[in-house]
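K.L.:
Following this message is one structure expressed as structure tokens.
The values are calculated or read from the model by the stated rules, or taken from the named source; none is laboratory data. Computed from a prediction, not measured in an experiment: that's the story for all the values here. When we count neighbours, we look across all protein chains shown, and the Cβ atoms used for this are built from the backbone with ideal geometry, even at glycine.
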Amino acid sequence: MKVRTRVAPSPTGDPHLGTAYVALFNRIFAHQHNGQFVLRIEDTDQGRSRQSSTKAIQDTLRWLGLDWDEGPDIGGPFSPYIASERLQIYRSIADKLCETGMAFPCFCSKERLADVRAHQRERKLTPKYDGHCVSLSRQKVSSLKAAGKPFVIRLLVPNDGVCEFHDQLRGKITVPWSQVDMQVLLKSDGFPTYHLAAAVDDHLMEITHIFRGEEWLSSCPKQQLIYQGLEWQVPALYHLPLLRNSDRSKLSKRKQATSINYYKRSGFLPKTLLNYLATMGWSMPDEREKFTMQEFQKHFDPTRLSTTGPVFDIDKLKWLNGEYIRELSLAQFKEQLLDWSFGEQRLERILQLMQERTEKFDDVFTKMDYLIGDRVEVVASQFEDGALTRENCLRILEFTQRKLSLVEPWKRDGIFKELKQLSVVMNLKFRDFLKPLFIAISGRSVSLPLFDSIEILGSDITMSRLRSAIVSLGGISKKQLKVFDKDWQSLHPHPLE
RNA sequence: GUCCCCUUCGUCUAGAGGCCUAGGACACUGGGUUUUCAUCCCAGCAACAGGGGUUCGACUCCCCUAGGGGACGCCA
């Protein structure tokens, strides 16, 4: 049997560990069966999709060694592999679904929908579309369209009965249709939603097996409806457990570093990450935990996949990485270390800052240490000797995180502008405002220029240092976070997001 | 709130009815090797969520409860 798998990330934000996790299993399974592994970019959200993110996803997957047989940059027999270049396809499928009565145009306003959902929540019902436009007559539809009224295409979902579908790891799953929303398939901007795009592309690209996150389990009924409406064969579905934070919630940026680049910049080897990810929810028959991708491919067996959500444990990741580091030859160690520390022009960037601040060569390395490796651990007392209270420091660190998460591109001048403006609206002297940031970023109150440092470190490391500084200061309580949220709102009358 | 999924040491996991006195790994603790540290070696700590069934026998099968997670968007 011909096996084809895919990973279909949306290019929003930083390349996520979850993407690598899912890509790994899809790729290994396809290659184990002499099949193809496809990378497809689902940029179906015009508002949030970024070109830069598409590139970042490809770069990091390649860095990990998770390269693909067909994809946006290398093409393939089912080109194009970018959703936004396939709009015509989705539209014609959506039309087809409308013609056969599997879907219908909906002219409801967002306000009305929000209203309906609010009422349903009040009455403790599952919030979903109320069927308002289901039985619009053809004449009515064409006159509304002619009048230029914006509309979406929705999937028609049965009122009663149950949906049955199959997950390879969990077996038969049944969901009452009454719980399934009449999902939008085509948005008013003419773009498909992920549900439509994924179903259509998977079919047209002849995808046979899908390994994806468990978060998609509840949308299976909708997808199955699309498949059945078109008389398409549903691919074999394997819903992998979700990677978890240490508190067992779904791995999230706020609680833990989720960006693959963070792990790269922290000095983990690609093979460590792949090996570790492979042990999340899967185990070798002989229980060995350290293995190569060749060994993984040889022994991978989806029936050994477990369904409980594994906590992503950095301690164990560090141990594994140590194992791999120690087995490097000295030459390899040297080469890889130098590339990691000074690659990508980093040394030049740093030395530019260093030269004018240097009197003797032996000053250099102690001053730039925090840009190369991890900074020293910070303690609360370091923040306390200035003009700011602990709470103010926390507020600055927290707001800086929020500000920086919106900065794009990640360049010194833009970062400066944003933070300068933040200090102004916070009504703080810039000097005072910067103090906790110097400590958080460099571990010292005096260091190389802050904004250059932040640019050189990159967003992932910067964010993690800010987060770690917040922890060192005792963290932000729920109550405090509420206060901060309010303050943040008042500083930004026109929300940035 | 509703629906769906999940439940073995703190964490990752082995376990497909008797092999379980529940095994391994990380972390932690103690000891040994080593000029220090790290590595390495040895030892220790530590779990079947609870309750009902089924069975001669349940970590393994079924049900209930509890807990955790996810989904409920013109996000993916």
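K.L.:
Using beta carbons and a limit of 7 Å, which pairs, at least six apart or on different chains, have the first residue in region A:172-190 and surrounded by fewer than 16 Cβ atoms within 10 Å (Cβ to Cβ) and the second one acidic (Asp, Glu)?
P.N.:
A:172/A:164; A:174/A:164; A:177/A:160; A:178/A:160
K.L.:
So which residues in region A:16-42 are farther than 17 Å from residue A:205 by Cα and either under 16 Å from the mean Cα position of the chain (by Cα) or small (Gly, Ala, Ser) (or both), if there are any at all?
P.N.:
Within region A:16-42, A:16, A:17, A:18, A:19, A:20, A:21, A:22, A:24 qualify.
K.L.:
Check whether at least one residue in region A:413-432 is farther than 18 Å from residue A:389 by Cβ, in a loop (DSSP other than H, G, I, E, B) and among the β-branched types (Val, Ile, Thr), and report yes or no.
P.N.:
Scanning region A:413-432 turns up no residue that is farther than 18 Å from residue A:389 by Cβ, in a loop (DSSP other than H, G, I, E, B) and among the β-branched types (Val, Ile, Thr).
K.L.:
While we're on this one: Check residue A:258 against each of (1) under 30 Å from residue A:333 (Cα atoms); (2) in contact with a strand residue (DSSP E or B) (Cβ under 8 Å, 6 or more places away or on another chain); (3) at pLDDT 95 or above and name the one condition it does not meet.
P.N.:
Failing condition for residue A:258: (3).
K.L.:
Within region A:144-244, considering only strands (runs of 3 or more DSSP E) that don't extend past its boundaries, which have at least 3 residues that are within 13 Å of RNA strand B (Cβ to nearest atom) and either in contact with a Phe, Trp or Tyr (Cβ under 6 Å, 6 or more places away or on another chain) or within 21 Å of residue A:99 (Cα to Cα) (or both)?
P.N.:
A:152-155, A:184-186
K.L.:
Modelled with pLDDT under 95 and of a type in the set (Val, Ile, Thr): is that true of residue A:292 in this structure?
P.N.:
No.
K.L.:
Look through A:56, A:30 and report the one residue that is of a type outside the set (Asp, Glu) and touching a strand residue (DSSP E or B) at 6+ places or on another chain (Cβ under 6 Å).
P.N.:
Of A:56, A:30, the one residue that is of a type outside the set (Asp, Glu) and touching a strand residue (DSSP E or B) at 6+ places or on another chain (Cβ under 6 Å) is A:30.
K.L.:
Which residue pairs have Cβ atoms closer than 7 Å, lie 6 or more positions apart in sequence or on different chains, and pair a first residue in region A:299-328 that is within 24 Å of residue A:246 (Cα to Cα) and in a loop (DSSP other than H, G, I, E, B) with a second residue that is more than 8 Å from RNA strand B (Cβ to nearest atom) and hydroxyl-bearing (Ser, Thr, Tyr)?
P.N.:
Going by the 7 Å Cβ cut-off, the qualifying pairs are A:305/A:238.
K.L.:
On to the next question. Mind checking which pairs have a first residue in region A:338-367 that is closer than 20 Å to residue A:262 by Cα and a second that is hydroxyl-bearing (Ser, Thr, Tyr) and part of a helix (DSSP H, G or I), Cβ under 8 Å, 6 or more apart or different chains?
P.N.:
A:347/A:341
K.L.:
Any chance you could count how many residues in region A:124-180 are closer than 15 Å to residue A:108 by Cα and either among the charged types (D, E, K, R) or not assigned by TED's automatic domain parsing to the domain that holds residue A:109 (or both)?
P.N.:
Going through region A:124-180 one residue at a time, the tally reaches 6.
K.L.:
Which ones in region A:257-285 are more than 12 Å from RNA strand B (Cβ to nearest atom) and either assigned to a loop (DSSP other than H, G, I, E, B) or of a type in the set (Gly, Ala, Ser) (or both)?
P.N.:
Passing the criteria: A:257, A:258, A:259, A:266, A:267, A:268, A:269.
K.L.:
Of all residues in region A:138-167 being exposed (fewer than 10 other Cβ atoms within 10 Å of the Cβ) and free of Cβ contacts under 8 Å to residues at least 12 places away in the same chain, which is nearest to residue A:95 (Cα to Cα)?
P.N.:
For region A:138-167, the residue satisfying everything is A:138.
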